[in-house]
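Scroll down for the structure; my scribbles are underneath it.
The values are calculated or read from the model by the stated rules, or taken from the named source; none is laboratory data. Note that this is a predicted model, so its numbers are computed, not measured. Cβ: placed from backbone, ideal geometry, glycine included. Neighbour counts: every protein chain shown.
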Amino acid sequence: MSSGSGIGSCVTSNAAPERARRGSATLASLSVRNYRLYFFGQMVSLSGTWMQGIAQAWLVLRITGSGTALGVVSALAFLPVLVFGPWGGVIADRFPKRRVLVITQVCSAFFALVLGLLVATDRVRLWEVYVLASALGFVNVVDMPTRQTFVLEMVGRDQLTNAVSVNTVMVNVARIIGPALAGVLIATVGLGTCFLLNAASFGAMIVALVLMHADDLEPAPPQPRTPGQLREGFRYVRRTPELLAPLLMMAVIGTLAFEFQVILPLVARFTFHGDAGTYGWMSTSMGAGAVVGGLLVASRGRHAPTALGKAAIVFGAVIVVAAIAPNLATEMGALVLVGGTSVVFLALGNATLQLAAAPAMRGRVMSLWTVAFVGSTPIGGPIVGWVGEHAGPRWGLVLGGVATMLAGALTYRSLCAIERDQAEAPEPELLSGPRESLAERG
């Protein structure tokens, strides 16, 4: 008996420290002061962004009642990223990233303020929504690749996967807060307030950037302006298969699956006969799942790149589950799974590409990731909106889920083949020196 008691107490005493270590490791990147400032500034700012996203979708539906129009406004918001996204990567490689981000935050706040004033004074027209969505898209051309590569400069290579995962948690905490606030504000004080509060929320990010200690950053050397930098980035990706395969997969998934801002309002309104509050709670359900998924990735550290293909397959499967959910309660549960698996997929993809890319090329590589992820919306948004309007919202989800599973399976096979080839052949040298194998990076 005494021996059994001793074993039990030993297990208990070891379990608590182990849980503490895991909890500490999950949020390890927040020990970095600059990243901590960035984290909380982003949480406030992105809560406003999600709030505006809900309000803008409901505004377009109120004006037009059309799923196609909803797809068009999303397409216009991301068309600049599709067309000019690679140039955004060139800018991210060429200029100090903190300074660039301050400028993009000021511009984003201005456009949100203009839309808020138009809505609050009841003067807004559909074409004005289109113009302002496009203007914000041009800001995102520069903002997105700069933001993604700035994370590495704040935390370094060893904590990159953790920081990206913690960042996705923050994004999706904002996804919970923003839509919930939007639903309340739309029902009580109207749509205009959502846009005005979003404009104010960018101030938190600007303050965070200003308060950072520049000496604690680890910036990549700024690339001088030389002819052919854009073509050089394309050639680099084309001859690096461990970058090319995930980017092609993301182009498919970004086009047909990550169109939730188009398809979920249709599901809320036409499948479950809900209102803006229903859409807000559906987005909140995805956000709750995404928080759990992000914490899971953060707690596990670095992963083998082949895990990216597996994550895509699972992500696609749960989208199909959401498509066939028989009632709203089941749909909410399915969307929790969609949110969780989407974040696992995105965090793995982001970290895999940044760790595989040479520092001098990182901005251009991540700009192509941005093009594949959100720049594909001008193509996918109208397609998914048309399918949702004419075949039914459920079929819009089925389209994205099946495409994601197929793309994930093909990418998994490609990454496995790349890993085998690298294990059998000597490693070439990249711009930054000796190249790690795909397995070593995992």
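Tabulated data
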item: Any hit, the range 299-308, residues being touching a residue at least 24 places away in the same chain (Cβ under 8 Å) and surrounded by 24 or more Cβ atoms within 10 Å (Cβ to Cβ); result: yes
item: Sole exception among (1) at pLDDT 90 or above; (2) buried (at least 17 other Cβ atoms within 10 Å of the Cβ); (3) closer than 24 Å to L248 by Cβ for L406, by number; result: (2)
item: Hits in the range 223-276 (condition: assigned to a helix (DSSP H, G or I), crowded, with 19+ Cβ neighbours inside 10 Å and among the acidic types (D, E)); result: E242
item: Per-region count, the range 297-341, residues part of a helix (DSSP H, G or I), polar (S, T, N, Q) and at pLDDT 90 or above; result: 2
item: Pairs where the first residue, in the range 128-152, is over 21 Å from D216 (Cα atoms) and among the small types (G, A, S) and the second is assigned to a helix (DSSP H, G or I) and modelled with pLDDT of 90 or more, C-beta under 8 Å, 6+ apart; result: A133/Q56; A135/F111
item: Residue match in the range 138-156 (condition: over 30 Å from T64 (Cα atoms) and assigned to a loop (DSSP other than H, G, I, E, B)); result: yes
item: Residues that are surrounded by fewer than 20 Cβ atoms within 10 Å (Cβ to Cβ) and modelled with pLDDT of 85 or more, drawn from the range 62-82; result: R62, I63, T64
item: Pair list, Cβ under 6 Å, 6 or more apart: the range 324-344 residue free of Cβ contacts under 8 Å to residues at least 40 places away in the same chain and crowded, with 17+ Cβ neighbours inside 10 Å, other residue part of a loop (DSSP other than H, G, I, E, B) and not β-branched (V, I, T); result: A334/A325
item: In the range 279-296, residue modelled with the lowest pLDDT [restricted to those that are surrounded by fewer than 21 Cβ atoms within 10 Å (Cβ to Cβ) and closer than 30 Å to A55 by Cβ]; result: L295
item: Test for A358: is it surrounded by fewer than 19 Cβ atoms within 10 Å (Cβ to Cβ), under 18 Å from P145 (Cα atoms), in contact (Cβ under 8 Å) with a residue 12 or more places away in the chain and not polar (S, T, N, Q); result: yes
item: Candidates A403, A360, A409 - the one that is more than 27 Å from P80 (Cα to Cα), among the small types (G, A, S) and either more than 18 Å from the chain's Cα centre (by Cα) or in a helix (DSSP H, G or I) (or both); result: A409
item: Pairs where the first residue, in the range 77-90, is over 21 Å from Q261 (Cβ atoms) and free of Cβ contacts under 8 Å to residues at least 40 places away in the same chain and the second is of a type in the set (S, T, N, Q) and part of a helix (DSSP H, G or I), C-beta under 6 Å, 6+ apart; result: none
item: Verdict on I177 being touching a Phe, Trp or Tyr at 6+ places or on another chain (Cβ under 8 Å), assigned to a helix (DSSP H, G or I) and not basic (K, R); result: yes
item: Those residues of the range 184-219 which are within 22 Å of the chain's Cα centre (by Cα) and not hydrophobic (A, V, I, L, M, F, W, C), in sequence order; result: N198, S201, G203
item: Residue match in the range 206-214 (condition: in a loop (DSSP other than H, G, I, E, B), at pLDDT 90 or above and in contact with a Leu (Cβ under 8 Å, 6 or more places away or on another chain)); result: yes
item: The range 379-400 residues that are surrounded by fewer than 24 Cβ atoms within 10 Å (Cβ to Cβ), paired with ones that are in a helix (DSSP H, G or I) and aromatic (F, W, Y) (beta carbon under 9 Å, 6 or more apart); result: E389/F270; G392/F270
item: Number of the condition not met by A251 [criteria: (1) within 23 Å of the chain's Cα centre (by Cα); (2) free of Cβ contacts under 8 Å to residues at least 12 places away in the same chain]; result: (2)
item: Subset of the range 94-108 (residues that are over 19 Å from the mean Cα position of the chain (by Cα), buried (at least 19 other Cβ atoms within 10 Å of the Cβ) and in contact (Cβ under 8 Å) with a residue 60 or more places away in the chain); result: R98
item: From the options A329, A347, residue that is under 16 Å from the mean Cα position of the chain (by Cα) and among the small types (G, A, S); result: A347
